[in-house]
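These notes are about the structure you will find just below.
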Ligand code: ADP
Ligand code: ZN
């Protein structure tokens, strides 16, 4: 037999290898293998088995990785789709479907020495006192790890070995599974009685799940199904409900239904929402009680070993429910009864390096391939998904009210142009927001302040010569970080010391000035304005370790913090009943991005952040500080009016042929030499013009133009934006184009299909 192998080194080609006799029966489609390639040994994945090969004298496979096929045929199919649609090499797509720890097997099962009591045959021997003490403990516990035993009885391994010599105990290695949540004490939860809207949503979802269960076997008209639709048509739902409307409870009960059908479920949440709180809710429902099911968790904060173990629990079918970030969509759950994508509009579902897939869209494709019901959930659906409901592609389910009829927070928009009048430029806090904070402090209630920019000041300028501290590698000004006394590039990480005088040799002016606002300055100003308040900042500068996040949220929950200041890290998924005030310091910041989604993003962000207020008995209040207070994104967010926003925005998208009416592909050329990059981009444009004239008639080409950030990490970047209604076709043409294109040596071309951002 011969195995066709896709190698991990990107060659866009598969190679044949012989299966040596000693590996016979262990190599299948999806098996991970190590093979010789030239003088090297490389890893790869078997994509097919064959009887014969076009090549003579095949080299044999060196070894098989893992005891089980790692890539299931279904996931393999999904990887192929990703390679085609997102225009990337198949081996890159294949690589991304397994966690690194599983692919390389270097974080294999952790084996530990365990001590076990053996049944005593005949008369119990007379033991020295010490040995008897040790034996008593082992007998009582039946089995425990050697390390645990040694610390318990404060003895050495040799004492224990003596018991082994007497045949009383056995010491053997055993796999000890890492459980990232082992220290968590999770109380079981029971399904809640649903309100009518929830019940209606759940009913629609479970009915679709039952239908896909029946498969094509009970077609009502009695006609047989064409073989191309082996799976029943999948159903995709959009569960549109404000924050706190009980979406998660619907997910939980739909998952219970999947389990009752003997199937598993995948729940995707944005990385940022993968808080212990979220995970606990799923574990509490399913990991406790009589019908225990393991819930596996996959995200980037786990250690390699933990990820390895979690993944194998899924592959072995022991964990039927997976909750995770983006890449959890590749979890080998079989059979798969349900996929949930929470906060489906989130941009973190898009991977920013190859393969540049969007996990939400991959979820829908996987659902179609496997006949699995997909539920997308959001309080602020993406325009694409809502539009798909309007077109009848998805089914819209609505939860219009908060559970327990809690009111939506009252949102006030503060016109910062007025606040800025009378001299010194805009203040950080308007009078209204300051008063509201004072009130909360007096009443012992909590406040969240949001500003999506870390650091202290965003620029350092010289008032005399106009010098601005810039990153030498990027076209970006350096951010001043006060606690560390450093200037930092947020793009490439470049650091330099804070100058005492203007660095311009001819100027050397001592009065340099910091402008622009970051979270550090907000924190600082709060401490000055409210010296008695307990203020805590939360942004990625502060959270170097995974415990920090947990600790701060814990402190906030128990009321040790009065005011929490943070970036988008605090915008989502947190539930704190005592928070009655949310302040958005600079609401129009995201509006100034050169991106057709700027309005949509601002609307989403304001709505999400506002949702943090008033989740307890007291009605919440939100202050939105803005310089463009009448912008539709801000006004619709103020009224909690998604549909109004959608209707206005969709018109603009249609007029300009933006998604969801056309799809976008962004081509970026990068290189050290600007002229070469520009020239290459123009060359690509000419090739694309040919396409537009023949294969893809509706193709709209914009550019080449310098990227919004012309230079990043020392590379100049030029872009072309393509729009078409026939993306699969364009993808094929682009793949062909890239294969024949010859670019100058240090110029690279990347293709991003359905980009999340245009920068
Ligand atoms: P969402 O996911 O839409 O933000 P959640 O599912 O988290 O909403 O629900 C918000 C709160 O309401 C949670 O504390 C949840 O336990 C509670 N809840 C949800 N559904 C019900 C229900 N049917 N009856 C009582 N409480 C509920
Ligand atoms: Zn930089």
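Data overview
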{"quantity": "Cα gyration tensor shape of the stretch 1-59, rounded if a/c is under 1.5, else prolate or oblate by comparing a/b with b/c", "calculated": "rounded"}
{"quantity": "More than 18 angstrom apart: percent of Cα pairs within the stretch 263-418", "calculated": "64 percent"}
{"quantity": "DSSP bridge orientation in the chain - percent antiparallel, rounded to nearest 5", "calculated": "55 percent"}
{"quantity": "Value at 222 nm in deg cm²/dmol, rounded to 500, when DSSP H runs of n ≥ 4 in the chain each add -39,500 (n - 2.57)", "calculated": "-9500 deg cm²/dmol"}
{"quantity": "Residues 372, 236, sorted so that the one with the fewest Cβ neighbours within 10 Å comes first", "calculated": "236, 372"}
{"quantity": "Ratio Rg/Rh [Cα only; Rh per Kirkwood] for the chain", "calculated": "1.00"}
{"quantity": "Cα gyration tensor, the stretch 284-344 - rounded (a/c under 1.5), prolate or oblate", "calculated": "rounded"}
{"quantity": "Cβ-Cβ FRET estimate between residue 740 and residue 468, R0 fixed at 60 Å, reported to 0.05", "calculated": "0.90"}
{"quantity": "Pairwise FRET efficiency - residue 482 versus residue 504, Cβ, R0 = 25 Å, nearest 0.05", "calculated": "0.65"}
{"quantity": "Burial ranking of peptide ranges 389-395, 281-287, 447-453 (average Cβ count within 10 Å, highest at the top)", "calculated": "447-453, 281-287, 389-395"}
{"quantity": "Residue order, fewest to most beta carbons within 10 Å, for 636, 387, 347", "calculated": "347, 387, 636"}
{"quantity": "Per-residue Cβ neighbour rank within 10 angstrom, fewest leading, 193, 242", "calculated": "193, 242"}
{"quantity": "For the stretch 493-509 versus the stretch 133-176, the gap between their alpha-carbon centres in whole angstrom", "calculated": "64 Å"}
{"quantity": "Separation of alpha-carbon centers, the stretch 568-609 and the stretch 348-400, rounded to whole Å", "calculated": "21 Å"}
{"quantity": "Estimated FRET transfer efficiency (residue 18, residue 40; beta-carbon r; R0 22 Å; 0.05)", "calculated": "0.80"}
{"quantity": "Gyration tensor verdict on the stretch 1-117 (Cα atoms; rounded if a/c is under 1.5, prolate if a/b is larger than b/c, oblate otherwise)", "calculated": "oblate"}
{"quantity": "Centre separation in Å (Cα based) which lies between the stretch 708-759 and the stretch 11-54", "calculated": "32 Å"}
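Rule-based calculations on the coordinates, nothing more; no lab input. Model, not experiment: these values are computed from the prediction. Because the Cβ atoms are built from the backbone with ideal geometry, glycine has one as well, and the counts that use them run over all protein chains shown.
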